[in-house]
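The values are calculated or read from the model by the stated rules, or taken from the named source; none is laboratory data. Everything numeric in this text was worked out from a predicted model, so none of it was measured. Here Cβ is always computed from backbone atoms with ideal geometry, including for glycine, and neighbour counts include all displayed protein chains. Surface accessibility is based on the protein's heavy atoms, side chains included, excluding ligands, DNA and RNA. Shrake-Rupley method; radii C 1.70, N 1.55, O 1.52, S 1.80 Å.
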Amino acid sequence: MRSWTFLGVLSLLLVESSAFKAHDFKTCSQSGFCRRGRALSARAKEARSSWKSPYSVDASSVAISSDQASFTAGVKSSLYPDITFGLEVRVHDDGVVRVRMDEIGGLKKHYDEAASWALIAEPNISRDIQWKTGKKEVRAVYGDKKDIEVLVEFAPLRVSLLRSGREQIVLNGQGLLHMEHFRNKAAAESKTEEPAAVEGEVANGAEEVQTVIKSENPRAWFEGDSEDAYWEETFSSWTDSKPKGPESLSIDINFPNHGTVYGIPQHATRLALPSTTGDSPTFSDPYRLWNSDVFEYLASSPVSLYGSIPVLHAHSTDTTVGIFDAVASETWIDIGHVSDKSTETHWISESGILDLFLMPGPTPEAIFKQYARLTGTPVLPAAWSLGYHQCRWNYVSSDDVRSVQKRFDEEDMPVDVFWLDIEYSEDHKYFMWNDKTFPDPVEMVNDVAAVGRKMVVIVDPHLKRTSEYPAYQEASKLEVLVKPPSGQGEYEGWCWSGSSSWTDFFNPAAWDWWKSLFKTYPLESGWSWTKSTDAVHIWNDMNEPSVFNGPEISMPRDNIHYGGWEHRDVHNINGMLFSNHTYQAVAERSDPRQRPFVLTRSFYAGSQRFGAMWTGDNLGTWEHMAVGIKMVLSNSIAGMSFAGSDVGGFFGNPEPEMLVRWYQVGAFAPFFRAHAHIDTKRREPYLLDEPYKGIVRDILRLRYTQLPVWYTAFRETTVTGLPILRPQYVMFPKDKNGFDIDDQYYIGSSGLLIKPVTTKDATEATVYIAEDQVSCFTVYYDYFTHHAYRGASKGKEITVPAALHQIPLFVRGGSILPTRERPRRSSTLMKHDPFTLRVALSKTGTAHGELYLDDGETYSHEKGQFIWRQFTAEKTAKKSKALRISSRDLATEKPSEAVDGVALTTFNPANEFAKSIEDIRVEKIVVVGLNGKPSSVRVEGGAELVWEYTPGHAASEKKEGVASLLSIKDPKVLVAKDWDIVVQY
Amino acid sequence: MIPWLLLLPLSSPVLVAAAAVDKTFGVGPDAIAKYTPLKSGNWKCLDGSKEIPWEFVNDDSCDCPDGSDEPGTGACPNTNFYCKNEGHIGLYIPSSRVKDGLCEVECCDGSDERPGVCPNLCKEIGEAYRKKRDEERKIQKTGSKIRSSYITFAHKEKKRLEASIETLTQEIEVKEKEVARLRDIAERTESLSQAALEHKQQSPLYKSLIDHSNALKSLRREHFKHLEREKALGDILTALRTGYNPNYQDMAVLEAVRGWEELAGLPHINDVGKDTTEETTAKEEEEAKEEEGEKEEPEEGMWDAGRLEHGLDVLLNTDYTSLLLEHEEHIQSPSEDSIIYDLTAYLPDSLIPQYEAVKETLVSWLRMLGVIRGEDNTAADSSRAHQALTDAETNLATMKNEKKTAEEDVAEIFDVEGFGAEGEWKKLDGLCLEKNTGDYTYEVCLFEEAKQKPNNGGTTFSLGRFDSWNPSPDVKAGSPEYYSKQVYKHGTRCWNGPERNVVLLLTCGTENALLTIQELEKCEYQFTGTTPALCLPLDGEKGNGNGKKDEL
């Protein structure tokens, strides 16, 4: 009998093994506090205008700090007159408003440290604020034009941010604010009747309200009549003991004048977030933020994935605003569009204080800067990490790695990094090489490094519980492991390594120890990774954390972290701390410090300071290829610029056409890695047949030629926080047609526009060219054919050829792109190569571009060791028939904006790095869209240059077709020096 | 395209300073003649597409669409650079290696880098190369001697097989005659006894026996079905247990594994990974046996499992007709064996017809006299005659089969797609090579089967049976490349995966040995090994092949 039962299980498995396991993860109705939060919202909707928030400011308690920087006030809930909440509102010097609310003198403490992990520093408070206290409100007007206003109304409590009198952000406008105070279980039980909540019984709004009507409970109109999952909660076979009882937080955040919202990654959905409430919502469940290892996730879903960034941008043709909700616990977010001009959101978090940052904008660019000032800009990566990464679960041996490298070299396909997944390690004890398959790890890494390449090796957060594992032994001895709900001993869960424990990176005692593990030389104090070198960088996977036998494939929420906080309080930050400390460890293992590369799967607000992320275990399907782009865009606008998805799809065996298209997608993502599941066939690009192989070789080489563009874009983001990949609405915030576009995007400020093809059998693609309010930029050149496409005053769609070997890639008129066109085996071998400049003229005959270069590996750029050049093309005089193309130093002009980290006061153009590349020249200049055939081309004051002119359309014309092309042969001008080339036509 | 406009000669000192590379730099000896200027002072790109000034050749700026104007600078992609490598072997490297700052071994003279970057190491590298090549040649020489012994073996084997075919042909001829004779006898005896036998077969005992037999056969068939099903389930679950993909993170799978372990008395797999650590298996098995021992004693006379397995076959193969006759004999007074049948065995063929006539008379006499019970013995005779015929026929078939196999073997020995044109692989037919990798011992019996045998107990998996030599359409049957790869296919299917396969990569070596085993992707194994069968004689080598093949 029994064996038949098993057979049943087995057949079930075979059917389901290729699908998202919805039953592993909670829906809102399976989560007590989300159920309560949605029920609250339903009751409010039912009550309509009679609904009034029970929360109000105690006017007598308003206290403005002596420096006018902030004010505090007591807040009461009419439901619980004995409980006091404290409200604090501050305005930062960049106009960001921080709103905090916590319970005062409660039975326990709400988790209040989330912001401290996300913020780079305590923000500076504005000195220009004058709070005006009225009887019913406190307000402050500020901003350069004194057009921004913060208004805190007392009864009921309502906080709003206005610009020019129009409401931008409104808190508690719908009265859904509810901070569940800590209460005593016994007392609570004696007061109420049988808890009515039953697992799976969805709290249907209407029913709840009816219950309310019958109820004697005076608070039922607001809280509902039952203590739904207050003290214990069961999901599947797991029971959450909830020792602190209910402590959830609900708040509505409305954008009365913004119809489109972006952000709150990571979800597999469109960039402009579809609604979850209202009439016929796209998704029935709210967006969820609870870092999760989701097996074979769906390509369109609000289900939470590996990382969480509680940042939302609300956008309209007038203004853009944003909020950052510094919460680390599980959070559900309902989004509804009451009209196409306004948006309502409802945030329901399991624990923690209210700590909201309101970013006033008013442009997407301003939001990025405001958010970057809070949580930091993306770190400048090592230059090699922008190359191509070749990964697979798993390269099975050191000889396997060598032969993969050999094949790349034989095919002359560039690659910078070879990756090792978990099977390099003995019994999944990370750091510990399996010496049967990797007997010579250092020699292997050296063989890879000999061609200027690196290796990335996986280190996951679960430590195998065995006496033979020094990492576990040391962590155990230091008592820095996460504890079970009892708060005693070590939490034990199941992961790759079998029975495992997890380092608690919230514990400062773990930090130095973790760094010590990565040293490549022997330490007296303990174990270190001597079988490693500086060419080994790190991949942090499974850091949600993923626990195979835990609730929702993660840790029990009642596990205990440092400081006695429960796992539920800190869950969404957990993954960031792991990659943060790995990042520090890799940076500091060598002296002088080298820029580390750390890839993380789990992330939180602030993770951009520690490296790259990828979209996790995607599927080899067209849908996943397409949604991967949207996910990367969404992560980018929330700070995680260094992002990408697995080329080829992690699961499955993509057919050659799909693989080629996926390489085209990957080559235009900041992080470009091919990866594959252990069950898949090998699919390294050299294994493809022609013509696919040749196409992929060209794609890889294209990426390498454009590395200077990518690196220059990264410089910008490290200073400004502007994303590397810029969706249409970021580039053209006033063009409504572009708000929903999330399948084409621009790369930094370079002027490159890419529309990756993500459909089978495509021969054409449609690209949207925006209305341009700034200037007459609206000519776009096909990157490869120089075909000129013209925009229209209201924007227009163009159809372009997109056969398998063709990539819809355009240069916006007005751009100058620095590229390096000589194929090499790796990016580090391009260091001596000359540059090519592509000058794509705008309609008015101008162009602009930048180039940033440094040694790509150390932190010497923070000491001024770099070059930052500006290239311009413009008429020598307004009516002249001469184009001057010039190169100027930009760093001397703006030393404080040159690099992230240290704001330089001066810049020395003759620094050591600049000297090291002083003989690197521009070997070719291509000018697209010139008005006519030149009569002379020469370096100013020098001899005539050699050039070739192919007639075609001028930038200033209105006709479409191949543009004119001037190709200047080897002007022998130096890339780090000032020069001028004059084209007479 | 508009040709290059040369408005001014390239005489500016600034411009000339950097470029002063010899125009033939990086050109191989085969193409050097093509690098001369035309009378016009121009030069034609090698693809003929364009004329450029001679000065543009090797000026570190790409002008020709085919890149031929930059043989020495690497300025044009997808071209080649010739390293002279004096003191070693000159060769081409891809342009992507030129001036990349690395000193490649391939370009030991360092000519691909800027002057002063790379030392000329051709002397050392050349020496090391020659030393290595000499060693390889030594191995090849020794190996080729062994190989020629394989060829000799193949020829001997061919002779042996041919001789054996000869003998078999003769024997078959004799045997065929004998079968004919026996068939004749059997037919005669059978016609005599058929009616009597049918009568006897009406016996209730016989009928019941046949019923029992049929029931037993049916039961056994059902039993086998169940055994097969159980084994299949066991295999599935064992494969699940050792091979399930932990990434699915499915607790239902874990439960299935745990349940199976309990049911099958297997130890816990301690790790989620695929590595099986089954140190405790032996102990567990013992325990399992003990448990079995404790089971209820069977009733007296009942068969145990072992006897069932073997005894049942014997029982079911009983010739019930013979048994019926024996039974008759046994029940009747003990009587001598019939001499009538025996006689026929000794009579010359020519006398048999006469004998048969006499026999009938004789038998009727004897029956009248009450010496024999008539049909009884004639029936037994019939059965025996039939048996003799069957035996002889089987024997004949075996011989024919042997002959056929031998003939096929002879054909295969020198088959290009079989044991090689020279038969050099025949010697290795069925030779088993092993490699212990710690957890497993891998075995390949050449031209037969590859296996994975766990060292610490557990199931042995077939990794596939010999399928073909190198199947690549680009590789010519009979070429050394063809024989350097064997494919074994259709091994045990992986759970949720493909059938296991092996690619065996062989190189010349003095021994037949497996060197490495890698599972490059799930259930796709790559074995490497050496064999003297691939060591071609040094003298037989084609002159041009060597230099290229032995690139560093």
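Restricting the range B:136-174 to trypsin sites (Lys or Arg not before Pro) that sit in a DSSP loop and have at most 10 other Cβ atoms within 10 Å of their own Cβ leaves nothing.
Simple point charges give the picture: +1 on the Cβ of Lys and Arg, -1 on the Cβ of Asp and Glu, and for the range B:426-531 a dipole about the Cα centre of about 160 debye. Chain B against chain A buries an accessible area of about 5800 Å², both chains summed, 1.4 Å probe radius. The alpha carbons of the range A:762-871 give a radius of gyration and a Dmax of 17.3, 49 Å, in that order.
Over all other residues within a Cβ to Cβ distance under 10 Å of A:Val982, the charged ones net out to 0, with Lys and Arg as +1 and Asp and Glu as -1. Extents of the range B:19-119, largest first, come to 39, 23, 22 Å (Cα atoms, principal axes, whole angstrom).
Of the residues A:Thr858, A:Asn931, A:Gln870, the one whose Cα sits farthest towards the positive end of the charge dipole of the range A:849-937 is A:Asn931 (charges of +1 on Lys and Arg Cβ, -1 on Asp and Glu Cβ, taken about the Cα centre). Note that the range A:222-238 has calculated 3J(HN,Hα) couplings of 9, 8, x, 9, 10, 8, 5, 6, 6, 10, 6, 8, 10, 10, 6, 9, 9 Hz, one per residue in order, obtained from phi through the Karplus relation 6.51 cos²θ - 1.76 cosθ + 1.60 (θ = phi - 60°); glycine and proline are x. Segment B:Glu309..B:Lys156, full-extension length gain: 50.8 nm, with 0.36 nm per residue of separation and the alpha-carbon distance subtracted. The P(r) of the range A:754-984 has a tail past 30 Å containing 32 percent of all C-alpha pairs. At a probe radius of 1.4 angstrom, the accessible area of the range B:399-552 per residue rounds to 48 square angstrom. Counting only Cβ charges, +1 for Lys and Arg and -1 for Asp and Glu, the dipole size of the range A:754-984 around its Cα centre is about 780 debye. With contacts taken as Cα pairs under 8 Å and at least 6 residues apart, chain A reaches a relative contact order of 9 percent. Dividing the convex hull volume of the alpha carbon atoms of the range B:426-531 by its residue count gives 101 Å³ per residue.
When the charge dipole of the protein assembly as shown is built from unit charges on Cβ atoms (+1 for Lys and Arg, -1 for Asp and Glu) and taken about the Cα centre, the candidate among A:Phe907, A:Gly387, B:Trp260 whose Cα reaches farthest toward its positive end is A:Phe907. In the distance distribution for the range A:207-321, Cα-Cα pairs more than 19 Å apart total 65 percent. When the helices of chain A are scored as -39500 (n - 2.57) per DSSP H run of n ≥ 4 and the total is divided over every residue, the value at 222 nm lands at -6000 deg cm²/dmol.
The residues of chain A present an accessible area of 33 Å² per residue when probed at 1.4 Å with all protein chains retained.
Residue ranking by accessible heavy-atom surface, 1.4 Å probe, largest first, among B:Ser149, B:Ser111 comes out as B:Ser149, B:Ser111. When A:Glu957, A:Glu232 are compared by accessible area of protein heavy atoms, the largest-first order is A:Glu232, A:Glu957, using a 1.4 Å probe. The GluC sites (Glu not before Pro) of the range B:379-474 that meet both conditions, a loop assignment by DSSP and at most 12 other Cβ atoms within 10 Å of the site Cβ, are B:Glu417.
Share of carbon and sulfur in the accessible area of the protein assembly as shown stands at 52%, probe radius 1.4 Å. Site pair A:Trp51 and B:Tyr92 shows an inter-label distance of 7.6 nm when each label is modelled 7 Å from Cα along Cα→Cβ.
With θ taken as phi - 60° and the Karplus curve 6.51 cos²θ - 1.76 cosθ + 1.60 applied, the whole-hertz 3J(HN,Hα) list for the range A:151-158 is 10, 10, 8, 7, 9, x, 4, 8 Hz, x standing for glycine and proline.
Here the protein assembly as shown is treated with +1 on each Lys and Arg Cβ and -1 on each Asp and Glu Cβ, and its dipole about the Cα centre works out to around 7620 debye. All distinct Cα pairs of the range A:499-570 go into the 1/r average, and the inverse of that average, the Kirkwood radius, is 14.4 Å. Evaluated over the Cα positions of the protein assembly as shown, the convex hull gives a direction-averaged projected area, one quarter of its surface, of 75.3 nm².
Residues whose amide H falls under 5 Å from that of A:His787, counting only those 5 or more places apart or on a different chain, are A:Asp782, A:Ala963, with hydrogens built in the peptide plane. On a 0 to 90 degree scale, rounded to 10, what angle separates helix A:692-705 from the longest Cα axis of chain A? Tilt relative to chain A: about 90 degrees.
The HN-Hα couplings worked out from phi for the range A:577-593 by the Karplus form 6.51 cos²θ - 1.76 cosθ + 1.60 (θ = phi - 60°) are 5, 5, 6, 4, 6, 5, 4, 4, 5, 6, 4, 8, 6, 10, 10, x, 4 Hz, whole numbers, x standing for Gly and Pro. Contact order for the range A:754-984, expressed relative to its length and based on alpha carbon pairs under 8 Å spaced 6+ residues apart, stands at 19 percent.
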